[in-house]
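Engineer: Structure incoming, see below.
Read the figures in this text as sums done on the coordinates, not as results from a lab. For clarity, every value in this text was computed on a predicted model and none was experimentally measured. Don't worry about glycine lacking a Cβ; one is built from the backbone with ideal geometry, like all the others, and counts go over all protein chains shown.
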Amino acid sequence: MTQSGPNNAVTDVAGLLVGNFSSIDAASGVTVVLCLEGAVAGVDVRGSAPGTRETDLLQPLNLVEKVQAIVLTGGSVYGLATADGVVRWLAGQRSGFPLGNGMVAPIVPAAALFDLGRGKDFVPPIGPDWGIRACESAQAGPVPVGCVGAGTGAQAGSIKGGLGTASEVLDSGLTVAALVAVNSLGSVINPTTGIPWEIDVEANGEFGGRGRRAVKLPDPTQPGSVSNTTIGLVATDAVLTKAQAQKIAQMAHDGLARAIRPAHTMFDGDTIFCLATGKVNLPAGQGFFQVAQAQAINDLGRAAADCMSRAIVRAVLEAETLGGMVAFRDLAPQSQDRTEPMHPTREGRI
C-alpha cells in the first residue's frame with residue numbers, strides 16, 4: 001500500500017518551502033518552491049509549446065549544480081517575469097550561486113502556462129512583485145490545492161484545472177513528491193466512465209467520495225491558440241546527480257501521460273522539473289549496476305510518476321468553478337442507464 005507523507009505534499013521533502021500568490025480577478029497566479037540551501041535539479045520538456053526560463057542550465061553537462069527555487073506561473077510569456085522577483089527576494093536572503101565578496105546569483109528556473117483572457121483583463125497584471133509576494137508566503141507544512149497559485153486560472157480539457165500535490169514515502173525511507181499546475185488540452189477525466197483516468201492510483205483515500213462520482217463532461221473546446229500546458233515538479237530528499245535528476249523528471253512524465261489524455265500535444269508546453277535536496281543517500285545496489293544505483297533510480301522514478309498522477313487528479317477534484325470554467329465538483333452526474341464498467345482495471349504502470 002502506498003504511504004504518503006504527513007502533508008501529502010511536496011513539503012514532505014525536507015528542505016522545501018511552497019508559496020503562492022493568487023489573483024481571482026485576474027484568474028492567474030504564481031507558485032514558488034524554495035530550496036534556500038540549494039537543490040540539485042533536472043528538467044524534461046515534452047510539450048511542443050513550452051514557456052520556460054533557465055532550462056538549458058539544468059542539462060547535466062552544464063556548470064551550475066544547484067538551484068534555489070523553481071517557479072510555476074500563469075500569465076504565459078508575461079508570467080516569466082515573476083522569476084525576476086524571486087531572484088531579487090533570494091538575493092536578499094543571500095541564497096544563490098556564490099560569486100565572492102558575499103554576493104550571490106540566485107538560480108531560478110521557471111515554466112509558464114497559458115491562462116490569458118480568463119480574467120478581468122486579457123493580460124493579467126503579473127510581474128516581479130507577484131513572485132516576491134509568493135516568496136513571502138512560503139512555508140513548510142500543508143500546501144493549498146485547487147484554484148491557487150499557478151492553478152488559479154488553469155483549465156483542464158473542458159473543465160476547471162488547478163494546483164495539486166502528493167507525496168510518497170518509500171520502503172527505503174526516501175520521500176518523493178510532486179507539485180503540478182494542470183492547464184491541459186487533454187482531459188483528466190475518462191469521458192466514458194466520468195471519473196479520473198488514474199482513479200486507481202489513489203493513496204490513503206485522498207480523492208474522497210468526489211473522485212468516484214461519475215460526471216458528464218462538457219463538450220471539449222477547440223483550441224484557438226496555444227492555450228494549454230501542464231507544468232510541475234517532482235522532488236526527493238535523496239542525494240542525486242544532475243543526470244539522475246533529469247532521469248527522474250523524464251520518468252515523472254509517464255504519470256502525466258497516464259493522468260491526462262492526450263498529453264504532450266502541439267498545444268501543450270508540458271514541463272517537469274526534478275529537485276533533489278540531498279538529505280538521504282541512495283540505497284547501495286548489487287551486482288553489475290551497483291555504481292549507477294540503477295534500481296534505486298527506478299524506484300524513485302516509479303514513485304515520481306505515481307505522485308504526479310495523484311497530484312494531477314487532486315488538482316482537478318479540488319478546483320472550484322471560476323471565470324466560466326466549470327469545476328468537476330459542479331458537473332452533473334452521468335445518467336444511471338450505463339452498462340459499461342465504472343472504472344475498468346488498468347494493468348501496468350512503470
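Engineer: Packing-wise, with mean Cβ within 10 Å as the measure, how do 60-66, 41-47 rank, highest first?
Structural biologist: Working: 60-66: 11.9, 41-47: 23.6.
Averaged packing, sorted descending, gives the order 41-47, 60-66.
Engineer: If you don't mind, there's one more thing I want to ask. In what sequence, highest mean first, do 71-77, 265-271 appear when ranked by Cβ atoms within 10 angstrom? Walk me through the intermediate numbers first.
Structural biologist: Details: 71-77: 27.4, 265-271: 22.9.
Ranked from most to least packed, the peptides come out as 71-77, 265-271.
Engineer: Could you give the size of the charge dipole of the range 10-330 about its Cα centre, using +1 on the Cβ of each K and R and -1 on the Cβ of each D and E, expressed in debye and rounded to the nearest 20? Intermediate results must be reported in sequence, preceding the final value.
Structural biologist: Working: 22 positive and 28 negative charges, 36 e Å.
The calculated dipole for the range 10-330 is roughly 180 debye.
Engineer: While we're looking at this one, here's another question. Ordered by residue, what ³J(HN,Hα) values in Hz, to whole numbers, does the range 206-215 give under the Karplus form 6.51 cos²θ - 1.76 cosθ + 1.60, where θ = phi - 60° and Gly and Pro are x?
Structural biologist: Along the range 206-215, the couplings run 5, 7, x, x, 4, x, 9, 8, 6, 10 Hz.
Engineer: For the range 182-249, which trypsin sites (Lys or Arg not before Pro) pass both filters: DSSP loop (anything but H, G, I, E, B) and at most 14 other C-beta atoms within 10 Å? The partial results should precede the final answer.
Structural biologist: Details: sites: Arg210, Arg212, Arg213, Lys216, Lys242, Lys247; in loops: Arg213, Lys216.
Here the sparse-neighbourhood loop sites are Lys216.
Engineer: OK, next. Gly323: net charge of surrounding residues, Cβ under 10 Å, Lys/Arg +1, Asp/Glu -1, itself excluded? Working shown, then result.
Structural biologist: Numbers: positive: Arg118, Lys120, Lys160; negative: Asp25, Asp115.
After counting each charged neighbour, the total is +1.
Engineer: Determine the dipole magnitude for the range 176-278: charges of +1 sit on the beta-carbon of Lys and Arg, -1 on that of Asp and Glu, nothing else is charged, the reference point is the Cα centre, and the result goes in debye to the nearest 20.
Structural biologist: Working: 8 positive and 9 negative charges, 22 e Å.
Computed about the Cα centre, the dipole is about 100 debye.
Engineer: If you don't mind, another one. Which residue, chosen from Leu61, Ser95, Leu72, occupies the Cα position most advanced towards the positive end of the dipole of the range 47-96, where the dipole is computed from +1 (Lys, Arg) and -1 (Asp, Glu) charges on Cβ about the Cα centre?
Structural biologist: Comparing the listed Cα positions along the dipole, Ser95 ranks first.
Engineer: Once each part is reduced to its C-alpha centroid, what is the distance from the range 38-66 to the range 138-205 in angstrom?
Structural biologist: Centre-to-centre distance over Cα atoms comes out at 22 Å.
Engineer: Ok, one more. With unit charges on the beta carbons (Lys and Arg positive, Asp and Glu negative) and the dipole taken about the Cα centre of the range 164-224, which residue among Gly205, Leu179, Pro220 sits farthest to the positive side?
Structural biologist: Checking the options against the dipole of the range 164-224, the answer is Pro220.
Engineer: Who wins for biggest fluctuation among Pro109, Pro220, Pro125 in a Gaussian network model of the chain, springs between alpha carbons below 10 Å?
Structural biologist: Per the Cα network of the chain with a 10 Å cutoff, Pro220 tops the list.
Engineer: Given a cut-off of 28 Å, name the pairs among Lys120/Lys160; Lys160/Lys279; Lys216/Lys247 whose C-alpha atoms lie farther apart than that in the structure shown.
Structural biologist: As for pairs spanning more than 28 Å Cα to Cα, those are Lys160/Lys279; Lys216/Lys247.
Engineer: Count the DSSP beta bridges whose two residues both fall in the chain, then state the antiparallel fraction as a percent rounded to the nearest 5. Write out the running numbers ahead of the final one.
Structural biologist: Values: 47 of 57 bridges.
Among the beta bridges of the chain, antiparallel pairing accounts for roughly 80 percent.
Engineer: Kindly write out, for the range 68-78 in residue order, the coupling ³J(HN,Hα) from the Karplus curve 6.51 cos²θ - 1.76 cosθ + 1.60 (θ = phi - 60°), rounded to whole Hz, with x marking Gly and Pro.
Structural biologist: The phi angles translate into 10, 6, 10, 10, 10, 9, x, x, 6, 4, 5 Hz.
Engineer: Can you give the net charge of the other residues whose Cβ lies under 12 Å from the Cβ of Ser95, counting K and R as +1 and D and E as -1? All intermediate terms of the calculation are to be shown ahead of the outcome.
Structural biologist: On the way: positive: Lys66, Arg88, Arg94; negative: Glu37.
Every neighbour counted, the sum reads +2.
Engineer: Moving on to the next point. Modelled label-to-label distance, Ser158 and Val77, 7 Å Cα→beta-carbon offset: nm?
Structural biologist: The two pseudo-label positions are separated by 3.2 nm.
Engineer: Would you mind computing, in nm to one decimal, how far apart the modelled labels at Asn204 and Leu61 are, each placed 7 Å from Cα along Cα→Cβ?
Structural biologist: 4.2
Engineer: Would you tally the net charge around Gly209, using a Cβ to Cβ cut-off of less than 13 Å, leaving Gly209 out, and scoring K and R as +1, D and E as -1?
Structural biologist: On the way: positive: Arg210, Arg212, Arg213, Arg329; negative: Glu202, Glu206.
Taking every other residue near Gly209 into account, the sum is +2.
Engineer: Size of the dipole of the range 105-223 about the Cα centre, Lys and Arg at +1 and Asp and Glu at -1 on the beta carbon, nothing else charged, in debye to 20?
Structural biologist: Its charge dipole is roughly 440 debye.
Engineer: Now for a separate question. Apply the Karplus curve 6.51 cos²θ - 1.76 cosθ + 1.60, θ = phi - 60°, to the phi angles in the range 309-325 and return the couplings in whole Hz, x for Gly and Pro.
Structural biologist: 4, 5, 5, 5, 5, 4, 4, 6, 5, 8, 5, 10, 4, 7, x, x, 8
Engineer: Go ahead and run the numbers for FRET between Glu320 and Ala284, Cβ-Cβ distance against an R0 of 45 Å, rounding to 0.05.
Structural biologist: Numbers: r = 47 Å, r/R0 = 1.04.
About 0.45, to the nearest 0.05.
Engineer: If you take the Cα Rg of the chain and divide it by 2.2 N^0.38 Å, with N the number of residues, what do you get? Before the final figure, lay out the partial values.
Structural biologist: Values: Rg = 19.1 Å, N = 350, 2.2 N^0.38 = 20.4 Å.
Dividing the Cα radius of gyration by 2.2 N^0.38 Å gives 0.94.
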